[in-house]
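Throughout, read-outs are computed from the coordinates displayed, never taken from laboratory work. The structure presented is a predicted model; accordingly, all values stated were derived computationally and were not measured. Backbone-built Cβ (ideal geometry, glycine too); neighbour counts: all protein chains shown.
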Amino acid sequence: MKFNDAVLGAIFLALSIAVLVTIQGFPKIPGQSVGPSAFPGLIAVLLAGCSIALIWRGWRERASQPLVAIGAWLSSPPHVRNFLVVVGGLVFYVLAADTLGFLPCGAIILCALFLTLRVRPLLAVALALIVPVVIHLIFYKLLRVPLPWGVLPVMW
């Protein structure tokens, strides 16, 4: 699916405006001119500028490019299935990560993705069990970002 630049520009402009409205509620740091809203605000202003450029470009090309063009992949069942498995995995993680934890959710999602993409089953299961542990170690030990444990006890 291909969207006209004006459509995407309007979506990104709305996002940048939402960010600018949201950061107005961030607390000010006494004695400093740069607070927690400075960098998100700067990025939102830059995004708004790029969005306006996209809208302008899309508006100029509106005669030669439709607002939405359906891609050829939408008529291909394997491509649609792969897309739905990825989106389903994301939705599953959002809904189940706090309850099950990162490690079980990661293993389930990776196994589903690998099997959908026709990775050999033994390799798919092995990777689905090993990769979440490696990712968890990187986040927990190196980056010091805790991921949800869920049903598993805190081991480290």
(request) Using a Gaussian network model of the chain whose springs link C-alpha atoms within less than 10 Å, name the residue from 116, 99, 22 with the highest mean-square fluctuation. (result) 22
(message) At 7 Å along Cα-to-Cβ for each site, give me the label-to-label distance between residue 93 and residue 134 in nm.
(response) 1.6 nm
(request) Specify which labelled value, from [x] 36, 30, 11; [y] 41, 15, 11; [z] 24, 18, 16, agrees with semi-axes √(5λ) of the Cα gyration tensor in Å derived from the coordinates of the model shown. (result) [x]
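Among all helices in the chain defined by DSSP H, which have a length of 30 Å or more along the axis from Cα atoms plus a Kyte-Doolittle mean of at least -0.5?
Membrane-span-like by this rule: 38-60, 77-100.
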(request) Take the alpha-carbon centre of the stretch 106-150, take the same for the stretch 1-44, and report the distance between them in whole Å. (result) 33 Å
(request) Can you check how the C-alpha radius of gyration of the stretch 2-70 compares to 2.2 N^0.38 Å, as a plain ratio? (result) 1.44
(message) Compute, for the chain, the length of the dipole vector about the Cα centre, with Cβ point charges of +1 (Lys, Arg) and -1 (Asp, Glu) only. Units Debye, rounded to 20.
(response) 220 debye
(request) Express the relative contact order of the chain as a whole percentage, based on alpha carbon pairs under 8 Å and six or more residues apart in sequence. (result) 23 percent
